[in-house]
Ligand SMILES: [Zn+2]
C-alpha cells in the first residue's frame, strides 16, 4: 500500500502546528485589513482554534450524528399528525434530556392530518397492448377516488401552455404531466424547483378544463419504479380532483404506450383522505448562553417526513445534525456566551405550520434570534455555507481556511428554509450548510430514503462544521 503523508502522524502534527501558525498569520493580516477597512470584521481569535480542534476530533471519533438519525428513523415515516410523528417527538425530547442539555421542552403546534390509507393501485388498459400495472402514490392533500376507482382516457402534456392549448380535449380525462426534471440544470434543487409547480398546481390547472384526475411524473433524475410523493395544493375556485405521482419508469412506459394507443385508459384507486386537525409539537433543546442568554443561534431540521420511507435524508439528517451540534459543544466542555438552540420543527412537509408557530409563540418574547440555520438538503458531504447576509459571510471568511479540509469550498449568500423563514422579518440572519446533492432526489419523498443511504462520516462532518461555525457565532456575536 502506498503510504501518503497523511498516514504519517509526525507530519500530521507538523501540519497542525503549521496550520495554527498560518491561521495566526491570517488573523494578523485580518486585523491589518480591519484597520484599513472599518467595515470588515475581526478574524478568528487564535485561542478559538484549539476549541475547534477539540470539536472536530470528538465528532470524527464518535460519529454520534448517525446514531441520532437512526433513532429518529426507527419510528418509520413521520407523516404530520401521525402516531409515528408523535413517537418521534417523545424520543427526541428524551434524547436531548439524556444528553444533558440545559433546557429541553416542546411547544404545541396545531397540524392537519392527511392519511394515505391502503396502497394506491393503477393499471393501464389498452385494447391494442393489453394491461399493465403502474407504480403510483397519492400526493399529500389529495382526495381519494371512489372505492371502485376511477377509469378514464389520458391527455399527456409537458407544460401548462400545452395543457391550455389542449383545453377542449381534457374534459372527463386524466391529465398526465410528463415533465422530467431538467437534467441540464447542474443544481438539483433548482431543477426540482422548476418541476415542482406541476406537482403543486397541476391538479387545479387540469380541473379548470374538466379533468377527472392527474398523474404527475416523479421528480427525480433517476429512472426507476419508485413514485415520489410531495405536497399538492387545491385552488379553491376549481373542483378538487385526485392527484398522484407516477414513477419515472412508469411515466416512460405510459408515454410509449400512448404513442401506440392514444385511446388507452388508466384505472386508478386511491384511498387517501384528510382527517381532523390534531395537536403535535416542535421539540426544542438548548445550551443556555453564559453572558447573553436571550441572544440565540438556532440550528434546526424538521421532524416530520413523508411516509413512503423513514425519511432519513429528509429530514432525520437535519434533526440529527442539530442535536449533534449541541452535544459536541457541550461534550467539549465549552460554555458559549450566547444561547445555542436546536429546534426540531413539526410539519414542514405540509406547509410549515411548526415554523410559523415557533416564530409566533409567546415564548419568543424577550428572545433575539441572531442567526437561524436550517438543515433540510440531505445528509451528504458538505460543499459550502450560505447565509442571507453578506456581512456575516465576511465574518466567517477567516474560518474558511480551517473548514476547507472538511469539505467547505465556499461561502455564498443564500440558505434558509421553510421553518426558519418566519424569523427573517424579526431581523434574524438565515442560513445553512449546503451539502452535495446530485443523488438527493433519488431518495427524496420516495421509498429509498432509509438510514443506510446516509453515510455516518458525511453526516458527522456536517455537524462538526456547524458546531464550529455556531460556537464561533455564539462567542463572537454577529
Ligand atoms: Zn425536507
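The values are calculated or read from the model by the stated rules, or taken from the named source; none is laboratory data. Predicted model, so just to flag it, every value in this text is computed and none were measured. All Cβ positions, glycine included, derive from the backbone under ideal geometry; neighbour counts span all protein chains shown.
Could you say which residue among 376, 315 is more than 20 Å from residue 102 (Cα to Cα), within 16 Å of the ligand (Cβ to nearest atom) and touching a helix residue (DSSP H, G or I) at 6+ places or on another chain (Cβ under 6 Å)?
376
May I ask you to list the residues in the range 416-429 that are within 16 Å of the ligand (Cβ to nearest atom) and surrounded by fewer than 23 Cβ atoms within 10 Å (Cβ to Cβ)?
Within the range 416-429, 416, 418, 421 meet the criteria.
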Could you please let me know if residue 384 is at pLDDT 95 or above and closer than 22 Å to residue 81 by Cβ? no
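Determine which member of the set 80, 92, 97 is touching a strand residue (DSSP E or B) at 6+ places or on another chain (Cβ under 7 Å), surrounded by fewer than 17 Cβ atoms within 10 Å (Cβ to Cβ) and modelled with pLDDT of 95 or more.
97
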Inside the range 452-465, can you point out the residues that are part of a helix (DSSP H, G or I) and either surrounded by fewer than 24 Cβ atoms within 10 Å (Cβ to Cβ) or within 16 Å of the ligand (Cβ to nearest atom) (or both)? 452, 453, 456, 457, 458, 459, 462
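Going through 391, 365 one at a time, which residue ends up being away from the ligand (no atom under 16 Å from the Cβ), out of contact with any strand residue (DSSP E or B) (no Cβ under 8 Å at 6 or more places or on another chain) and within 19 Å of residue 433 (Cα to Cα)?
Checking each option against the conditions leaves just 391.
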Give all pairs with beta carbons closer than 7 Å in which a residue from the range 410-431 that is over 17 Å from residue 341 (Cα atoms) meets a residue that is within 16 Å of the ligand (Cβ to nearest atom) and outside any helix (DSSP H, G or I); count only pairs at least 6 apart in sequence or on separate chains. 415/430; 415/432; 418/348; 418/352
What number goes with the only condition from (1) more than 16 Å from the ligand (Cβ to nearest atom); (2) assigned to a loop (DSSP other than H, G, I, E, B); (3) buried (at least 19 other Cβ atoms within 10 Å of the Cβ) that residue 305 does not pass? (1)
Taking the range 195-231 on its own, how many of its residues are touching a helix residue (DSSP H, G or I) at 6+ places or on another chain (Cβ under 6 Å) and buried (at least 24 other Cβ atoms within 10 Å of the Cβ)? 6
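May I ask you to list the residues in the range 308-343 that are assigned to a strand (DSSP E or B) and either within 17 Å of the chain's Cα centre (by Cα) or surrounded by fewer than 24 Cβ atoms within 10 Å (Cβ to Cβ) (or both)? Outline the logic, then answer.
Within the range 308-343, the first condition is being assigned to a strand (DSSP E or B), and the residues that meet it are 338-343.
Within the range 308-343, 342, 343 meet the criteria.
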Could you check, for the range 282-299, whether at least one of its residues is assigned to a helix (DSSP H, G or I), assigned by TED's automatic domain parsing to the domain that holds residue 417 and either more than 16 Å from the ligand (Cβ to nearest atom) or at pLDDT 95 or above (or both)? no
